[in-house]
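To start, the structure itself, in structure tokens.
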Amino acid sequence: MTRPRVLFVTRSRYWRAGNGEATRTRTLVEALAGVCELTVFFLEAADSDASAAVAASPHRYRLAHGGREKPAREALLAAVRQLCGQTRPDVVLLSRLQLDFLREAVPAGTRLVIDTHDLVSDNAASRRQLGVAVDEPLDFEREIAFLRRYDRVLLIQPDDHARVAAVLGERALCVPHPVELPAQPVRPASRVLGCAASHSPANRHGVQWFFGEVWPQLATHRVDLQLAGPLSALLPQPLPAGVRACGVVPASDALWAGVDVAINPVRWGSGLKIKTVEALASGLPLVTTREGARGIEHLAGEAFLLADDPAAFAGACLRLLDDVDARRAMSAAARRWAGANLSPAVCFGPFFSWLSGNS
């Protein structure tokens, strides 16, 4: 069977670890490379790490790039037109709504797909609710008007999919983020909280809230905290007693090593939180906010604990640290859910079936 030709356009430096967008993009790139003739176009200048990532991939694909930092709009349109002429793609996949302007460079008759990552309008609404400045004041109706222009719209979690599918029907596909990680052991005598975060504004806001409002309630209870990711390198020094910063941990399976209870204190945002599902796939008991659990709230109380105010968040952490049986039960529930819902076949199957012309 002829493999479809796909041009995937992204602004994410997906070959670098450290944030959810890069993780999502890297996973999708590798999966696409296994089922199609793939060309990835990165909008800016790539580096040697990018070339190394392509060479290390188990699948062959081409990486093109814009050649400079922050290229002008017309230069990007010209580059996409040129790549379409060279590769004659069956499908052009744009990563995030911010790249919608590149549609006009795609030849008529080429199928268009957008991977939303999250809904921009939801992000704006979430920011407003907490009094955070809104960068892109888009409402849902205007966002849908953009999404109507695509043959398929990829949504990363069920709630987003349900809302968009109610308007766009079968053009909306639920394409979650697949995660397959080894289970972390339950260590009865250990009391280490773990948090992994990029330096996005939402993560900075959440970690600041945690240190200001929650950590003082935990620091006197023989609790350690392990911070990983780019944000950990930016925290004011010296760190509080019991807190250790690991910096960027390139391998996802090592990200949660040494952690007994994961936390995700993010308080605004949208979409699916990659670190949340990574923690669940690792079989780690998790404490997170309603925002951190967006799209999987139905698992609260079974696969993780949900808490939005400081006292409840601290109490949930202590409950799991103090009760090893509760940790074991929550770990098993998280692994069961991840095994049933986060495999590549489950997450990418509907999209790949459409790509191959089987749906």
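The values are calculated or read from the model by the stated rules, or taken from the named source; none is laboratory data. What you see is a predicted model; the values in this text were computed from it and never measured. Ideal geometry is used to build each Cβ from the backbone, glycine not excepted, and the neighbour counts take in all protein chains shown. Note: areas computed on protein heavy atoms with side chains; ligands, DNA, RNA excluded. Shrake-Rupley method; radii C 1.70, N 1.55, O 1.52, S 1.80 Å.
Quick notes
- First in the stretch 11-33 and closer than 13 Å to Val179 by Cα, second anywhere and of a type in the set (Val, Ile, Thr) and assigned to a helix (DSSP H, G or I), Cβ under 7 Å, 6 or more apart: Gly20/Ile274; Thr23/Ile274; Arg24/Ile274
- Sole exception among (1) in contact with a strand residue (DSSP E or B) (Cβ under 7 Å, 6 or more places away or on another chain); (2) at negative phi for Gly85, by number: (1)
- For Arg191, the criteria (1) among the basic types (Lys, Arg); (2) touching a Leu at 6+ places or on another chain (Cβ under 6 Å); (3) surrounded by fewer than 14 Cβ atoms within 10 Å (Cβ to Cβ) hold in every case but one, which is (3).
- Under the condition of being small (Gly, Ala, Ser) and under 24 Å from the mean Cα position of the chain (by Cα), the residues counted in the stretch 305-356 number 12.
- All positions within the stretch 1-21 that are aliphatic (A, V, I, L, M), under 22 Å from Ala79 (Cα atoms) and within 12 Å of the chain's Cα centre (by Cα): none
- Any hit, the stretch 55-63, residues being surrounded by fewer than 21 Cβ atoms within 10 Å (Cβ to Cβ), within 21 Å of the chain's Cα centre (by Cα) and under 22 Å from Ala197 (Cβ atoms): no
- Elements of type helices (runs of 4 or more DSSP H) contained in the stretch 179-281, each with 1 or more residues being within 30 Å of His161 (Cα to Cα) and at pLDDT below 95: 201-209, 252-255, 274-281
- Of all residues in the stretch 175-198, those that are farther than 27 Å from Asn19 by Cβ have Cβ atoms under 9 Å from Cβ atoms of residues that are open to solvent by 60 Å² or more (accessible area, probe 1.4 Å), 6 or more apart or on another chain, in Val186/Arg328; Ser190/Asp224; Arg191/His221; Arg191/Arg222; Arg191/Asp224; Arg191/Asp322.
- Of residues in the stretch 19-48 being among the charged types (D, E, K, R) and in a loop (DSSP other than H, G, I, E, B), the one surrounded by the most Cβ atoms within 10 Å (Cβ to Cβ): Glu44
- Selection count where residues are in contact with a Pro (Cβ under 6 Å, 6 or more places away or on another chain) and modelled with pLDDT under 95, scope the stretch 1-26: 2
- Of all residues in the stretch 338-347, those satisfying the criterion of being part of a helix (DSSP H, G or I) and open to solvent by less than 40 Å² (accessible area, probe 1.4 Å) are Ala338, Cys347.
- Residues in the stretch 91-102 that are buried (at least 18 other Cβ atoms within 10 Å of the Cβ) and either under 21 Å from Ala202 (Cα atoms) or basic (Lys, Arg) (or both): 3 in all.
- Pick from the stretch 99-125, criterion at pLDDT below 95 and among the polar types (S, T, N, Q), ranking: farthest from Glu21 (Cα to Cα): Ser121
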